[in-house]
Amino acid sequence: MLRSVPYGPVCLIGADIPGIRPDHIAQAFAQLGHHDAVFGPAPDGGYWLIGLKHPHRAPPRLFKDVRWSTEHALADTIATLPDHRIARVATLRDVDTVDDLPMTKA
């Protein structure tokens, strides 16, 4: 999906992030001014946002071998970008199960 965007930068966000605010997105795009990629980590080891400065240059293996829904998802994805300058923005909770709902703050 990211590689099909002809011009960057671009950020994709999860739809299950109740605490997200417009300034979180603005910070991610600002980081792409000085970095090749940006991630918004989640406390469970995943991420709520991925952004690329040049999405059409994304490696074909960007999401290959990522152990989704585990504490390794962020690290696995970053490992597919070895020559990229990586930034991180705010850590936000996502909602994976009903048990996650009381822990979120809107």
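The values are calculated or read from the model by the stated rules, or taken from the named source; none is laboratory data. In this text, all values refer to a predicted model and were calculated from it rather than measured experimentally. Counting neighbours? That spans all protein chains shown, and the Cβs are built from the backbone with ideal geometry, glycine included. Keep in mind that these areas ignore ligands, DNA and RNA; they rest on the heavy atoms of the full protein, side chains included. Shrake-Rupley method; radii C 1.70, N 1.55, O 1.52, S 1.80 Å.
If Lys and Arg each add +1 and Asp and Glu each add -1, what is the summed charge of the other residues whose beta carbon sits under 9 Å from the beta carbon of GLY46?
-4
Considering region 13-106, what Rg and Dmax in Å follow from its alpha-carbon atoms?
13.3, 39
Quick check: from the Cα gyration tensor, does region 49-101 come out rounded (a/c under 1.5), prolate or oblate?
It is prolate, given that a/c is not under 1.5 and a/b is the larger ratio.
Please report, in whole Å, how far the alpha carbons of region 1-66 spread along each principal axis, starting with the longest.
30, 28, 19
Which sequence of TRP48, TRP68 reflects their accessible areas, 1.4 Å probe, from the largest down?
TRP68, TRP48
With axes computed from alpha carbons, what is the tilt in degrees of helix 22-31 against the longest principal axis of the chain, rounded to the nearest 10 within 0 to 90?
Helix 22-31 and the main axis of the chain meet at about 30 degrees.
Once neighbouring chains are kept in place and the probe is 1.4 Å, which whole percent of the accessible area of the chain is contributed by carbon and sulfur?
57
How big is the antiparallel share of DSSP beta bridges in the chain, given as a percent to the nearest 5?
75
For the chain, report the accessible area per residue in Å² (1.4 Å probe, heavy atoms, rounded to an integer).
About 60 Å² of surface per residue is accessible.
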